[in-house]
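The structure follows.
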Amino acid sequence: MSYATNAPARKEIDALTGSAVLEFGTNWCGYCQGAQPLIGAAFAQHGHVRHLKVEDGPGRALGRSFRVKLWPTLIFLRDGVEVARVVRPTSAHELDEAFAVLR
């Protein structure tokens, strides 16, 4: 799944209900590409959680509103509110802990 170039507005994200994860990155980012197997495996265990992959970069308002600085950054949301964040995941444990906060 590629990063979407058309990001939702922040007010749309804030209005989300239930659990969701925003993943910020780019399709050409080596860190993002390298993390995909780990991220994919984590989501395979949490299929009920909405996963939004959003392209980030200079001038991208949604990423700036979450103060994203490194890719990939995963923002874990419950009812539109950030409850956990994982930046450049390197282990399943990091992602498991963040998913546990969504419960």
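Readers should treat all values here as calculations from the given coordinates under stated rules, not as data from a laboratory. All values derive from a computational prediction rather than experimental measurement. Neighbour counts are summed over all protein chains in view; Cβ atoms, including those assigned to glycine, are modelled from backbone coordinates with ideal geometry.
Identify all residues within the stretch 38-73 that are closer than 19 Å to Ala100 by Cβ and either touching a residue at least 60 places away in the same chain (Cβ under 8 Å) or among the aromatic types (Phe, Trp, Tyr) (or both); write none if there are none.
Phe43
Going through the stretch 77-99 one residue at a time, which ones are surrounded by fewer than 20 Cβ atoms within 10 Å (Cβ to Cβ) and assigned to a strand (DSSP E or B)?
Those that are surrounded by fewer than 20 Cβ atoms within 10 Å (Cβ to Cβ) and assigned to a strand (DSSP E or B): Arg78, Val81, Glu82, Val83, Ala84, Arg85, Val87.
What's the number of the condition Ala7 fails, among (1) closer than 20 Å to Glu94 by Cβ; (2) not in a strand (DSSP E or B)?
Of (1) closer than 20 Å to Glu94 by Cβ; (2) not in a strand (DSSP E or B), only one is false for Ala7: (1).
Additional query: Give me the residue from the stretch 36-76 that is of a type in the set (A, V, I, L, M, F, W, C) and out of contact with any strand residue (DSSP E or B) (no Cβ under 8 Å at 6 or more places or on another chain) and, out of that set, surrounded by the most Cβ atoms within 10 Å (Cβ to Cβ).
My answer is Ala42.
Cβ-Cβ under 6 Å, sequence separation 6+ or interchain: first residue in the stretch 1-29 and crowded, with 18+ Cβ neighbours inside 10 Å, partner in a helix (DSSP H, G or I). Which pairs?
Ala7/Leu62; Phe24/Gly63; Gly25/Cys32
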